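Working notes, beginning with the structure itself.
The values are calculated or read from the model by the stated rules, or taken from the named source; none is laboratory data. Every value quoted in this text rests on a predicted model; they were computed, and no experiment measured them. Cβ sites come from the backbone with ideal geometry, for glycine too, and all protein chains shown count toward neighbours. For accessibility, only protein heavy atoms count, side chains too; no ligands or nucleic acids. Shrake-Rupley method; radii C 1.70, N 1.55, O 1.52, S 1.80 Å.
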Amino acid sequence: MADQPKEVKLYGHGFSGYCTMVNSALKLKGVAFEYVEEDLQNKSEALLSLNPVYKKVPVLVVDGEPIAESLVILQYIDDVWKNPPLLPEDPYQRAKVRFWADYVYQKLVPPVYRIRTSEGDARKKAEEEFRANMITLEDGIREELWSAGGSFINGEKPGLLDVIMGSCHTGLKYLEDVAGVKLVEKDRTPLLCSCMEAFVELDVVKGP
Amino acid sequence: MDQPAFSVKLLGSWADSHTHRVQLALKLKGLEFEYQEEDFINPSPALLLHNPVYKKVPALLHGGRSIVESVVILQYIDETWTDNPIMPADPFERAVTRFWCHFTDDKLAPAVGLVFSSSGEGQKAAVDQVHENLKLLERELKDGAFKGRRFFGGDKIGLLDIVLGCGSYWLAVFEEVMEVKLIDPESFPVFHAWLRDFEEQQEVKETIPAIDRLLEYARGIRQMMLSLSNSSSSSINNAAASSG
């Protein structure tokens, strides 16, 4: 087992769901870290040199070495700080969690981007696509991963998918207000709603 | 239905680099498996059953259950059959591996696909993009996280070698079919040396189809694309994605 890092620093932005994911995961695991808020309109030299490939937040810097990309960072955090585990033990279950985590990035993130940046028919289409893909996610998780018990996809305690979806909750609510449209439907996606609502109520998420 | 003699079955396509990734990993682990060839255009009922979300190869069937998405499959194989590991043990190394796998599928592969599916100024821009991406990898190999290594995985092929290597052969194929310079050894000496060493490995030679077959396949797809030049971009991108 690798030694635990001595210094952990997170470069992030308050409104980024990806940064919330990493921030929450560190707090859930009880990791002490320094947080640096980036101005995304005026990115620091530090950020640009730590993430030259994508030039984005979040970046986790561990004893001076950077790790970028939220899903990569989350799995790193789970590899180093074992409790509470974000991924299941069983390889097949892990594969299913990884598949659905990747699905969020491949199939939910792009329509959200289009909802934010387009208008008229294009935006309406993106909204429909988002809602349909949320249903696919809900049904897939129910069939392949979920066993009833607890508010989270992972059960009584949040796992990787709960961290990912839960961290998107605020941003989705905000988008619904701004766009004036329902994106998250409780009757069609009850499990996703329950995990997101339970996630934002966690002390580590609500706290400072 | 699963054959009783095999507990591992792979649904794949012979010219698909993601299928090659899984075939290579299974070979490196010394695992026997049954292979079923799938047609991209007409997925079989089995493929639709086992990958209802994306309806694509590869799909790994093990003990009656299915796993899809090549990088997910590779990690599943590594965690199920733990001899000859393909992921590093160290968490930071694992993060570096995952990052560059993401980069390969998120940036490099789409740029290579775009070289294939475009022409004129669009193609020139795509070629520049491929060069930019290769420069980043060259830098990591020369001075960065992978400095001094023969392979990304160290002395032996690892997961990142598999992900990057199964697909990099398209660079040479597209160079010939499209008459563009993608991976010149003077600009990318370390990457070039890595690719040559990778392609010399016995298991890799057994996995990647002969270059003549790949050239013929690529020429066929390119002809089809050019003759459908007024078609929607999605079908062109599908063909490009299937070959990159």
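Among the criteria (1) assigned to a helix (DSSP H, G or I); (2) more than 30 Å from B:Lys9 (Cα to Cα); (3) more than 13 Å from chain A (Cβ to nearest Cβ); (4) modelled with pLDDT of 95 or more, the one B:Asp161 does not fulfil is (2). Every listed requirement among (1) within 11 Å of chain A (Cβ to nearest Cβ); (2) within 30 Å of B:Arg219 (Cα to Cα); (3) open to solvent by 50 Å² or more (accessible area, probe 1.4 Å) is met by B:Cys101 save one, (3). Confirm whether B:Ser70 is away from chain A (no Cβ under 14 Å) and either closer than 30 Å to A:Pro5 by Cβ or touching a helix residue (DSSP H, G or I) at 6+ places or on another chain (Cβ under 6 Å) (or both). Answer is no for this residue.
Being in contact with a Phe, Trp or Tyr (Cβ under 6 Å, 6 or more places away or on another chain), open to solvent by 20 Å² or more (accessible area, probe 1.4 Å) and touching a residue at least 12 places away in the same chain (Cβ under 8 Å) is a description that applies to B:Glu140. Checking every residue in the range B:67-77 against the condition of being surrounded by 21 or more Cβ atoms within 10 Å (Cβ to Cβ) and in a strand (DSSP E or B) gives at least one match. With respect to (1) open to solvent by less than 10 Å² (accessible area, probe 1.4 Å); (2) under 18 Å from the mean Cα position of the chain (by Cα); (3) facing chain B (nearest Cβ under 9 Å), the lone exception for A:Val80 is condition (2).
Could you look through the range A:98-144, keep only residues that are more than 22 Å from A:Val181 (Cα to Cα), open to solvent by less than 30 Å² (accessible area, probe 1.4 Å) and not hydroxyl-bearing (Ser, Thr, Tyr), and pick out the one that is farthest from the other protein chains (Cβ to nearest Cβ)? The selected residue is A:Ile141.
Restricting B:Pro91, B:Pro52, B:Pro85 to residues that are open to solvent by 20 Å² or more (accessible area, probe 1.4 Å) and at the interface with another protein chain (Cβ under 10 Å from one of its Cβ atoms) narrows the list to B:Pro52. The condition of being surrounded by 19 or more Cβ atoms within 10 Å (Cβ to Cβ) and within 13 Å of the chain's Cα centre (by Cα) holds for A:Val205. In the range A:54-70 there is no residue matching the filter, namely being within 21 Å of A:Leu87 (Cα to Cα) and more than 14 Å from chain B (Cβ to nearest Cβ).
Would you say B:Leu24 is touching a helix residue (DSSP H, G or I) at 6+ places or on another chain (Cβ under 7 Å), in the same structural domain as B:Leu164 (by the TED database) and of a type outside the set (Gly, Ala, Ser)? Considered against the rule, which asks whether it is touching a helix residue (DSSP H, G or I) at 6+ places or on another chain (Cβ under 7 Å), in the same structural domain as B:Leu164 (by the TED database) and of a type outside the set (Gly, Ala, Ser), B:Leu24 comes out as no.
Inspect all residues belonging to the range B:197-205 and state whether any of them is farther than 18 Å from B:Val22 by Cα and part of a loop (DSSP other than H, G, I, E, B). No, because not a single residue in the range B:197-205 is farther than 18 Å from B:Val22 by Cα and part of a loop (DSSP other than H, G, I, E, B).
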